[in-house]
Amino acid sequence: MIVVAGSANIDLVARVAHHPEPGETLLASGYAMHQGGKGANQAVAAARLGAPVRFLGAAGDDDFGDRIVADLAAEGIDADGVQRFPGSSGIALITVDEAGENRIVVVPGANGELDGSRDMAGAMGGANVLLVQLETPTAFVNAALSAGRAAGAEVILNAAPAAPLKAFEMTAVDWLMVNAGEAAFLLGEREGASRDQTVDQAARLARQYNIGVIATLGADGALWIGRDGSRGHVPGRPCTVVDTTGAGDTFAGAFAAARLESQSVEDAIRMAGVAASLSVGAAGARAGMPDRAAVRATMGD
Ligand code: RIB
């Protein structure tokens, strides 16, 4: 069982020719509302690949909250661990430009009410893999990380959106998952201009926290540095980009699904990369997330 502890949002998406400059008003060419939130997206990505998934998160007592819970359940995810709070659900205001690149502002809403007070140990029952992001309050993240470690799960922390790691229970983490920009941010540096620079940054993060690090590199694939000293790079695959929103979430959820199946780290990264490359072919965070058959067909299995 994969347990995902994280955020759930409703994404309000405007399609634009280019992202607005400060002070600029733009007319969008299209608008859509999608399910989103890094945690819920990752849960869906894993579930689409056939993994049993439990989601721990929050929704408001509004109509959006009902939709968040109903959609998770429709994906076959155990959503009993979604706490409902008075007020608004999480909202993400997103612009996507012609290249499929996004800008995202998150209004946490109910996600911001999560804390460390719930029965995390109980919620981790049967957890083999735990997946956590940084889009929920620190106390909630740390309670999940500690409970996941205590339950003996493989603990994966996707440091998105990036925040200084010193506030988090890094001794509970097995794998830190970041993109190149996040890796640089966590070290207080500029994003590496080359893969070698990101390798170096990932290696320093791995040493600093005594953990494994996976760095996603967009079209260049992903690399890993293992706690055991192993390291490698899996190339990206050419793909059609409509919307990159949720690509990192698809990668994380697919990686977790592969690890649940005891795939090697390299094989898990390969499967996650294929899933992420397919996810960017449709508008919205989840519309392009593939099922197992689509991933198999693409991998030629
Ligand atoms: O990673 C993409 C997600 O970030 C969006 O779905 C949005 O809700 C924000 O959480």
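Values in this text are rule-based calculations from the coordinates and carry no lab data. Remember, predicted model here, so these are calculated numbers, not experimental data. FYI the Cβ positions are ideal-geometry reconstructions off the backbone, even for glycines, and counts take in every protein chain you see.
Among the numbered criteria (1) without any contact (Cβ under 8 Å) to a residue 40 or more places away in the chain; (2) of a type outside the set (Val, Ile, Thr); (3) crowded, with 18+ Cβ neighbours inside 10 Å; (4) under 23 Å from ALA294 (Cα atoms), which single criterion is violated by ALA43?
(1)
Within the stretch 130-144, can you find the residues that are buried (at least 24 other Cβ atoms within 10 Å of the Cβ) and under 11 Å from VAL173 (Cα atoms)?
Passing the criteria: LEU130, LEU131, VAL132, ALA144.
Can you spot a residue in the stretch 6-16 that is away from the ligand (no atom under 16 Å from the Cβ), touching a residue at least 12 places away in the same chain (Cβ under 8 Å), outside any loop (DSSP other than H, G, I, E, B) and in contact with a helix residue (DSSP H, G or I) (Cβ under 8 Å, 6 or more places away or on another chain)?
Within the stretch 6-16, not a single residue is away from the ligand (no atom under 16 Å from the Cβ), touching a residue at least 12 places away in the same chain (Cβ under 8 Å), outside any loop (DSSP other than H, G, I, E, B) and in contact with a helix residue (DSSP H, G or I) (Cβ under 8 Å, 6 or more places away or on another chain).
For the stretch 272-286, which positions are of a type in the set (A, V, I, L, M, F, W, C), without any contact (Cβ under 8 Å) to a residue 60 or more places away in the chain and either more than 16 Å from the ligand (Cβ to nearest atom) or not in a loop (DSSP other than H, G, I, E, B) (or both)? Step through it out loud before you land on a result.
Restricting attention to the stretch 272-286, the residues satisfying the condition of being of a type in the set (A, V, I, L, M, F, W, C) are 272, 274-276, 278, 280, 282-283, 285.
Applying the additional criterion that residues be without any contact (Cβ under 8 Å) to a residue 60 or more places away in the chain yields 272, 274, 278, 282.
Correct list: ALA272, VAL274, LEU278.
In the stretch 208-239, what count of residues is obtained for those that are assigned to a strand (DSSP E or B), of a type in the set (Gly, Ala, Ser) and surrounded by fewer than 18 Cβ atoms within 10 Å (Cβ to Cβ)? Break it down into steps so the answer makes sense when it comes.
To start, the set of residues in the stretch 208-239 that are assigned to a strand (DSSP E or B) comprises 212-216, 222-225, 231-234.
Add one more test, that the residue is of a type in the set (Gly, Ala, Ser), and what stays is 212, 215, 222, 232.
Now narrow it down to the ones that are surrounded by fewer than 18 Cβ atoms within 10 Å (Cβ to Cβ): 232.
Adding up the residues that qualify gives 1.
Could you check, for the stretch 183-199, whether at least one of its residues is surrounded by 18 or more Cβ atoms within 10 Å (Cβ to Cβ), under 26 Å from GLY112 (Cβ atoms) and not aliphatic (A, V, I, L, M)?
yes
Here is a yes/no grid of residues against (1) within 15 Å of SER7 (Cα to Cα); (2) of a type in the set (S, T, N, Q):
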| position | (1), (2) |
| --- | --- |
| LEU56 | yes, no |
| GLN83 | yes, yes |
| PRO86 | no, no |
| SER89 | yes, yes |
| ILE94 | no, no |
| ASP97 | no, no |
| VAL107 | yes, no |
| LEU114 | yes, no |
| ASP119 | no, no |
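Could you check PRO86 against (1) within 28 Å of VAL155 (Cβ to Cβ); (2) away from the ligand (no atom under 13 Å from the Cβ) and say which number it fails?
(1)
Among the numbered criteria (1) among the aliphatic types (A, V, I, L, M); (2) touching a residue at least 40 places away in the same chain (Cβ under 8 Å); (3) not in a loop (DSSP other than H, G, I, E, B), which single criterion is violated by VAL242?
The single condition VAL242 does not satisfy is (3).
Every residue in the stretch 156-175 that is more than 16 Å from the ligand (Cβ to nearest atom), touching a Gly at 6+ places or on another chain (Cβ under 7 Å) and closer than 16 Å to ALA215 by Cα, please.
Quick first cut of the stretch 156-175, residues more than 16 Å from the ligand (Cβ to nearest atom) only: 164-175.
Filter once more, keeping what is touching a Gly at 6+ places or on another chain (Cβ under 7 Å): 172, 174-175.
Listed by number, the residues that qualify are ASP174, TRP175.
Need pairs with beta-carbon distance below 9 Å; first residue farther than 14 Å from HIS34 by Cβ and free of Cβ contacts under 8 Å to residues at least 40 places away in the same chain and within the stretch 85-109, second of a type in the set (Phe, Trp, Tyr) and more than 9 Å from the ligand (Cβ to nearest atom); sequence gap 6+ or separate chains.
Listed by first residue and then by second, the contacts come to SER88/PHE64.
Give me the residue from the stretch 248-266 that is in contact with a strand residue (DSSP E or B) (Cβ under 8 Å, 6 or more places away or on another chain) and of a type in the set (Gly, Ala, Ser) and, out of that set, farthest from GLY152 (Cα to Cα).
GLY248
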